[in-house]
1. Starting from the amide H of Ser257, placed 1.01 Å from N in the peptide plane, find each other amide H under 5 Å away whose residue is 5 or more places distant or on another chain.
2. Sort 119-130, 97-108 by the packing proxy (mean of other Cβ within 10 Å over each peptide's residues), most packed first.
3. If one takes the longest principal axis of the Cα atoms in the chain, at what angle in degrees, from 0 to 90 and to the nearest 10, does the Cα axis of helix 264-277 lie?
4. Cβ under 11 Å from Ala290's Cβ, Ala290 left aside: what net charge do those residues give with Lys, Arg +1 and Asp, Glu -1?
5. Could you tell me what a quarter of the Cα convex hull surface of the range 13-188 works out to, in nm² with one decimal place?
6. Given Cα pairs under 8 Å that are at least 6 residues apart, what percent is the relative contact order of the range 125-215?
7. Among Met242, Met385, Met56, which one moves the most in a GNM of the chain with springs linking Cα atoms closer than 10 Å?
8. With labels modelled as points extended 7 Å from the Cα through the Cβ direction, what inter-label distance (nm, one decimal) is found for Asp292 paired with Thr3?
Amino acid sequence: MMTIDNYKFAGKKAIVRVDFNVPLDENGNITDDTRIRGALPTLKKILADGGALIIMSHMGKPKGKVNMKMSLGQIKEAVGKALGAPVQFAPDCAKAQEAAAALKPGEVLLLENLRFYAEEEGKPVGIDKEDPAYEEAKKAMKASQKEFAKTLASYADCYVNDAFGTAHRKHASTAVIADYFDADNKMLGYLMEKEVQAVDNILSNIRRPFTAIMGGSKVSTKIGIIENLMDKVDNLILCGGMTYTFAKAQGGKIGNSICEDDKLELALDIIRQAKEKGVNLVLGTDCVAADDFSNSAHTQVVPANNIPDGWEGMDAGPETRKAFAEAIDGAKTILWNGPAGVFEFDNFTDGSRAIAEAIAKATDEGAYSLIGGGDSVACINKFGMADRVSYISTGGGALLEAIEGKVLPGVAAIKG
Ligand code: AMP
């Protein structure tokens, strides 16, 4: 397979799909440039080798229409500064033939937001799925998506995908475009390679014991991963809001705690599966309950299955935190996705902090630890422990789908 390190970029034009979907404030200033920094190694390598760059990305959800609030023109200067090279801008990504043709080695062209064209996502707009004409519209859209991808491909000699955040989507720029390059002229960028390797460390190159920690608000959004991990892990910590669905399913009293009443059977089934498969399932036994969903609420530590009326479980209690730390201590492979409490409120961060500390300690002792999903990454950053874990994924949905065992279209389009 072709890689960034093998490819001879000198004198070539490379079209690179990046994820520059950065948050902007009201004045169009970037509030967090992590995603731009994430793509720099790939972009700089191509320039340093004497290639020319055509950079493409989406920003926000303009739904196939031009919306200047989501124009990539707003970040042109910032990209230039980060790259240390001037950046030209193509205000229409599908009409950049001339600008691309004129590019010389070392030059950079940034294309306007791909999602200003519905063809990027390939979904028909303005027609309901129930409409009898929908299937026809979908077919027509798929055909024009191919044309759109072909146009983008025509700008360059080779294609690089470094946008892990959208790798789970089969879009024109993330997957379809790869059909227009032969195997020797398409490759994953450094960031993609790192992310794919990180997932592989969790799913294939497992060193034991393997502890996975799944938190967050709901069982329903994590069930695919929980089921896939059940066959792989030694210890499975399920925490956060999920705790109370499990507590109620087992006959507990959970007060006002968050709960998915239609997932009680599923919770019991997860407990059964863990027993059958010999997985050590760690669920909260005590919790920090609050009399209001706010940082200034009164709190008390109560059993997670006996929460007084009018109170709700907001964070893991001390006994639970100890059990979490024990299940992480000595682990050699660790995956963490989702907080153990309402960590956005400073008074309910102890559960997530206990997890972060235990992961940092295990990592110091030689474990491989992967942290993924916006909230757990935010936790690790909030606690200042980002450099004490092995890898922090940039992907939300893409990481979760990869861990569920799904093939990511953005990766498959290149790896075959
Ligand atoms: P998710 O998007 O499913 O990963 O969930 C993340 C959210 O779960 C965060 O915003 C947390 O505040 C929330 N969360 C964690 N624990 C609880 C809890 N006990 N009650 C309500 N929300 C929670």
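1. Correct list: Gly313.
2. Values: 119-130: 16.3, 97-108: 14.7.
Taking the mean over residues of other Cβ atoms within 10 Å, the ranking is 119-130, 97-108.
3. 90 degrees
4. Working: positive: none; negative: Asp291, Asp292, Glu312, Asp315.
Neighbour charge sum, excluding Ala290 itself: -4.
5. Values: hull surface 40.1 nm².
The number I arrive at for the range 13-188 is 10.0 nm².
6. 26 percent.
7. Most flexible of the set in this elastic network: Met385.
8. 5.7 nm
None of the figures in this text is laboratory data; all of them are computed from the coordinates on show. Predicted model only: the values in this text are computed from it and were never measured. Glycine also receives a Cβ, built like all others from the backbone with ideal geometry; neighbour counts cover every protein chain displayed.
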